[in-house]
Amino acid sequence: MTHAPTRFPDGFLWGASTAAHQIEGNNTTSDWWRKEHSGTSHIQEPSLDAADSYHRWPEDMDLLAELGFTDYRFSIEWARIEPARGHFSHAEIAHYRRMVEGARARGLRPMVTLHHFTVPQWFEDLGGWTADEAVDLFTRYVEATAPVIAEGVDHVCTINEPNMIAVMAGAAKAGDIGFPPAGLPTPDEDTTRAIIAVHHAASKAVKAVNPDIQVGWTIANQVYQALPGAEGVTAAYRHPREDVFIEAARGDDWIGVQSYTRTRIGPDGPIPAPEDVERTLTSWEYYPAAVGHALRHTADVVGDVPLIVTENGIATDDDDRRIAYTKGALEEVEAALRDGLDIRGYLHWSALDNYEWGSFAPTFGLISYDPVTFERTAKPSAVWLGGLGRTRELPTGE
Ligand code: BGC
């Protein structure tokens with residue numbers, strides 16, 4: 001059956017996302033940099049120069065704007081802004097302010113993430129999120145970012161994927177057991193409580209800078225699907241890993257939905273995808289429908305809070321599969337819009353190939369770069385996806 005193509009609702013965000021540590025390079029005062037050089041077995045290679053976007057952000061923004069995107073989500077780096085406790089770098093604050101102004105000058109609306117997985121080494125040494133002073137210290141950092149966000153920034157994300165932060169803390173407490181073959185480690189409850197408190201305090205601090213800024217946070221959605229009879233097990237498994245963080249967004253201005261694949265759950269818990277399914281470079285099942293499920297589940301839990309797809313994409317070296325995956329995902333977004341979900345935007349992960357937390361091998365980017373000259377090349381998927389931003393029409397689902 002065919003139907004008329006759906007146009008984006010007015011003001012729909014159409015963009016791509018990145019995170020500072022994954023593209024900037026030389027984030028030397030962050031906890032991750034230290035981890036990368038500590039010989040920990042989970043880390044295959046260090047981030048080093050990454051995509052050198054710390055210097056080359058103007059080229060990245062030029063490309064995104066030329067391709068047809070209207071929005072760019074990037075994170076600012078606490079470890080650079082406050083490299084030593086209480087020492088705020090005017091130069092780094094000015095650097096990120098230039099990025100906000102640079103985005104605006106190119107017609108890109110910046111969505112600024114305040115925290116995307118990396119913290120200053122001194123904060124980790126204090127005990128990180130569960131330290132007594134965590135809320136105050138993060139709030140003070142948010143206040144220090146006022147010159148960056150006060151003008152020209154419509155959307156601020158306080159914390160990216162707090163649920164993954166709690167899961168990683170849980171895995172670390174259990175002796176860094178790594179990830180199970182399916183599903184996620186048990187989140188650390190103290191971290192969950194602490195990070196929710198940080199989000200609420202940080203949201204207030206952002207509003208104090210400028211009450212018009214739309215504040216939210218972005219949740220990793222694993223699309224837990226119950227096999228027959230496993231509905232109760234699935235709900236119990238999902239709650240601490242996902243729903244508790246979605247519930248904490250009730251009352252926020254928006255919530256970010258981030259999804260890539262699904263996890264099926266049987267009576268005994270998560271079950272690995274069958275051997276014969278198509279897998280991506282992160283070994284996740286190729287499942288473009290994920291974003292539709294994630295949007296609908298998030299709406300069910302959060303209630304009346306606008307949704308933004310802040311990450312969705314695929315690690316592949318076959319750009320045709322990236323286009324196919326993304327087309328499938330957009331059809332899901334369109335169907336959800338037609339069903340009346342309040343979806344305000346779609347930001348693809350990721351603008352650039354980047355450092356995938358331990359390795360450069362899983363390439364998620366719409367844009368590739370040369371690791372020596374850092375010259376950027378837009379992939380066909382970038383041209384296609386950016387082009388949809390020009391026509392303002394979603395694919396039809398035919
Ligand atoms: C994160 C990104 C990451 C992506 C793909 C999300 O969990 O926010 O930093 O690169 O998914 O794994």
Output for segment 1-59, where each listed residue is more than 16 Å from the ligand (Cβ to nearest atom), outside any loop (DSSP other than H, G, I, E, B) and in contact with a helix residue (DSSP H, G or I) (Cβ under 7 Å, 6 or more places away or on another chain): TRP14, ARG34, TRP57, PRO58
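Hey, among SER350, SER368, SER359, which residue is within 16 Å of the ligand (Cβ to nearest atom) and without any contact (Cβ under 8 Å) to a residue 24 or more places away in the chain?
It is SER368.
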Members of segment 47-61 found to be more than 10 Å from GLY107 (Cα to Cα) and of a type outside the set (Ser, Thr, Tyr), listed by number: LEU48, ASP49, ALA50, ALA51, ASP52, HIS55, ARG56, TRP57, PRO58, GLU59, ASP60
Any hit, segment 182-202, residues being open to solvent by less than 80 Å² (accessible area, probe 1.4 Å), touching a strand residue (DSSP E or B) at 6+ places or on another chain (Cβ under 9 Å) and on the phi > 0 side of the Ramachandran plot: yes
Filter result for the condition that a residue is within 16 Å of the ligand (Cβ to nearest atom) and at pLDDT 95 or above, over ILE213, ILE159: ILE159
Complete set of residues in segment 305-344 that are open to solvent by less than 30 Å² (accessible area, probe 1.4 Å), outside any helix (DSSP H, G or I) and within 16 Å of the ligand (Cβ to nearest atom): ILE308, VAL309, THR310, GLU311, ASN312, GLY313, ILE314, ALA315, THR316
Counted residues, segment 204-220 - those being open to solvent by less than 20 Å² (accessible area, probe 1.4 Å), in contact with a Phe, Trp or Tyr (Cβ under 9 Å, 6 or more places away or on another chain) and not hydrophobic (A, V, I, L, M, F, W, C): 1
Unmet criterion (only one of (1) closer than 24 Å to ARG241 by Cβ; (2) in contact (Cβ under 8 Å) with a residue 24 or more places away in the chain) for SER283: (2)
Search result, residues across segment 101-121 that are hydrophobic (A, V, I, L, M, F, W, C) and in contact (Cβ under 8 Å) with a residue 40 or more places away in the chain: ALA103, LEU108, MET111, VAL112, LEU114, PHE117, VAL119
Flag for VAL291 being among the β-branched types (Val, Ile, Thr), open to solvent by less than 10 Å² (accessible area, probe 1.4 Å) and in contact with a strand residue (DSSP E or B) (Cβ under 7 Å, 6 or more places away or on another chain): yes
Condition met for SER89 (modelled with pLDDT of 95 or more, within 30 Å of THR377 (Cβ to Cβ) and not acidic (Asp, Glu)): no
Residue check, ASP252 at pLDDT 95 or above, touching a strand residue (DSSP E or B) at 6+ places or on another chain (Cβ under 8 Å), more than 16 Å from the ligand (Cβ to nearest atom) and assigned to a loop (DSSP other than H, G, I, E, B): yes
Cβ pairs under 6 Å, 6+ apart, first in segment 247-262 and under 17 Å from VAL291 (Cα atoms) and free of Cβ contacts under 8 Å to residues at least 40 places away in the same chain, second assigned to a strand (DSSP E or B) and of a type in the set (D, E, K, R): THR261/GLU285
Among residues of segment 345-375, those that are open to solvent by 30 Å² or more (accessible area, probe 1.4 Å) and either of a type in the set (Phe, Trp, Tyr) or not in a loop (DSSP other than H, G, I, E, B) (or both), counted: 4
Residue selected from segment 271-304 under the condition in a strand (DSSP E or B) and not hydrophobic (A, V, I, L, M, F, W, C), by the criterion farthest from PRO180 (Cα to Cα): ARG279
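The values are calculated or read from the model by the stated rules, or taken from the named source; none is laboratory data. Remember, it's a predicted structure, so these values are computed and weren't measured experimentally. Cβ coordinates were reconstructed from backbone atoms using ideal geometry, including for glycine residues, and neighbour counts include every protein chain displayed. In case anyone asks, the SASA skips ligands and DNA or RNA and just uses the protein heavy atoms, side chains included. Shrake-Rupley method; radii C 1.70, N 1.55, O 1.52, S 1.80 Å.
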